[in-house]
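Take a look at the structure below.
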Amino acid sequence: LPGFLAGKNSLKPIELSMLGDVREKDILHLQCHFGQDSLSLARMGANVTGVDLSDVAIEKAQHLAKLTDTNAEFIQSDVLDFIGKTEKRFDIVFATYGTIGWLPDLEIWAKTVSHYLKPSGSFVFVEGRPVLWMMDEDVKDVKYRYFKSDPIIESETSSYTDGGQHKELKSVSWNHSLSEVLNALIANNIRINRLDEFDYFPYPIFKEQEELPQGHFRPIHHQDKLPLTYAIHGTKV
């Protein structure tokens, strides 16, 4: 966050390469959390609307916008209940990292993406590979199914959002296969232009990890053997 406040762009090279020139583009950022990437897009000249389920996250995003004197709109809403919350349509719909795992229904998600894209608008999506979300907490053994079935319910005593210790935090998530993601988008009039996969993750999420020179991270014990991230570029047809 200090780097961001000093003017550093929070977006990673993967999404920057897929977004291209965003100046004067209307962008909808789904599940924007506290708005760092939304505001980075606004700094690049885009007209940005960020959406997130958490009212606390939206309040933080609005505060960060004021703190950095950056213009962006933020709306508190469940992404699966967002259709109708704004009449705008967008040149780009954007979502990255740790988003769809919280959603039980990708059909509604893909319908929302399609609904808000202008004709020939672009969908830019980057996420952890479902193979990664199959693994246990140490990313050593397979613990969960690749395909969506029953929700994954986990209990922890710390939160990735604040790093603090809590009595108990219960999370509910779903793993979505690559075919489920692609077919949901295709069924909702999103043409897939490009699919890329990467053997690294752009954030330090692993307990035992190696950091590569580009600021990429891998679990030490698997090195470059696992697909860890994927990126989709699609067009509304």
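The values are calculated or read from the model by the stated rules, or taken from the named source; none is laboratory data. Predicted model only: the values in this text are computed from it and were never measured. Keep in mind that these areas ignore ligands, DNA and RNA; they rest on the heavy atoms of the full protein, side chains included. Shrake-Rupley method; radii C 1.70, N 1.55, O 1.52, S 1.80 Å.
Estimated from helices alone, the mean residue ellipticity of the chain at 222 nm is -6500 deg cm²/dmol (sum of -39500 (n - 2.57) over DSSP H runs with n ≥ 4, per residue).
Of K12/K140; K143/K236; K143/K167, which pairs sit farther than 30 Å apart, going by alpha carbon to alpha carbon? Correct reply: K143/K236.
With a ≥ b ≥ c taken as the square roots of the eigenvalues of the C-alpha gyration tensor of segment 61-140, please select rounded if a/c is under 1.5 and otherwise prolate if a/b is larger than b/c or oblate if it is not? Intermediate values should be presented prior to the final figure.
Working: a/c = 2.07, a/b = 1.36, b/c = 1.52.
Here segment 61-140 falls in the oblate category.
Report, as a whole number in µm² per second, the diffusion coefficient that Stokes-Einstein gives for the chain at 37 °C and 0.692 mPa s using the Kirkwood radius over alpha carbon pairs. The calculation lands on 177 µm²/s.
Near the amide H of A46, within less than 5 Å, lie the amide hydrogens of E24, all on another chain or at least 5 residues away, with H placed in the peptide plane. So how exposed is Y200, as accessible area in Å² (1.4 Å probe, rounded to 10)? For Y200, the solvent-accessible surface is approximately 30 Å².
Please give the per residue accessible area of segment 170-213, computed with a probe of 1.4 Å over protein heavy atoms only, in Å². Walk me through the numbers before you get to the answer.
Values: 2480 Å² over 44 residues.
That works out to 56 Å² per residue.
In the chain, carbon and sulfur make up what percent of the accessible area (probe 1.4 Å)? In the chain, the share of accessible area belonging to carbon and sulfur is 50 percent.
Per residue, how large is the accessible surface of segment 68-110? Use a 1.4 angstrom probe and give square angstrom.
Values: 1920 Å² over 43 residues.
Here the per-residue accessible area is 45 Å².
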